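Since every read-out is calculated from the coordinates, none of them should be taken as a lab result. Worth saying up front: this structure is predicted, and the values here are computed from it rather than measured. Because the Cβ atoms are built from the backbone with ideal geometry, glycine has one as well, and the counts that use them run over all protein chains shown.
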Amino acid sequence: MKNKSIPLLIEFFAFFILLPISLVLPFSIRLKILLVLLGFGYVLFILKKAAHINFRIKKDLAWRSFFRRILIMFPLVVLITTVYVWLLDKDALFFVPKTNFKGYLVILFVYTFFSVWPQEIIYRTFFFERYEKLFKSSSLFIFVNAIVFSLAHLFFRNTLVLVLTFIGGLLFGYTYLRYRSTTAVSLEHALYGSWLYTVGMGQMLGFPGMED
């Protein structure tokens, strides 16, 4: 391994392994928030220095291909998750939009812009542009991304969350490598995450508003 790769490996380990694990440990929530904000600031600083990266919507993006894949995948997700919630807890099915529609819309807005977008900046744009040189296999690269994306949700202490975020990591990682677009992968992430909240899986995934 070349010596110039060592700093990147140390950064990767500290940022994507140690930091998420530390958030599970019992120490001040204020300190945890500070660590996350500092980490996000570092990510933005590094991305700003990279001349080949910008966050403008790509005019030449293959949007037709992207939305075609969404039209195939999304109905399957809708069917599987609807049946899952119906079998597990019928009362939870579409609970939030039925009982508090305004609050539901607010949560979706906050989730999209203050959760999904930062996550995709860190775990797709930064991760794939920063560490691609460390991986010769794109399949392994996506798999590792899915692992660390799942690890980022370890603080939920919920096996279902870890499984879903791993699957999501595989899907979103593929999307980013295919389209190289933060906008596209953020739209996909927001769509699936918002649907899980809509169908009634919000309580399992840490969304508020699931209790009557």
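Starting from 0.36 nm per residue, how many nanometres of slack lie between residue 28 and residue 9 once their C-alpha separation is accounted for? Mind showing how you got there, number by number?
Values: separation 19, 0.36 × 19 = 6.84 nm, distance 2.78 nm.
Working it through step by step, the gained length comes to 4.1 nm.
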What are the principal axis extents of the Cα atoms in the chain, in Å, biggest first? 57, 47, 28
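Can you tally the net charge around residue 74? Count Lys and Arg as +1, Asp and Glu as -1, for every other residue whose Cβ sits under 12 Å from the Cβ of residue 74.
Numbers: positive: 68, 69; negative: 188.
Net charge in that neighbourhood comes out at +1.
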Provide the per-residue ³J(HN,Hα) series for region 37-48, in order, calculated from phi with Karplus coefficients 6.51, -1.76, 1.60 and θ = phi - 60°, each as a whole number of Hz, with x at glycine and proline positions. 5, 5, x, 5, x, 4, 4, 4, 4, 5, 5, 5
Of the listed links 48/102; 4/32; 32/136; 48/136; 4/48; 49/136, those spanning more than 32 angstrom between alpha carbons are 48/102; 32/136
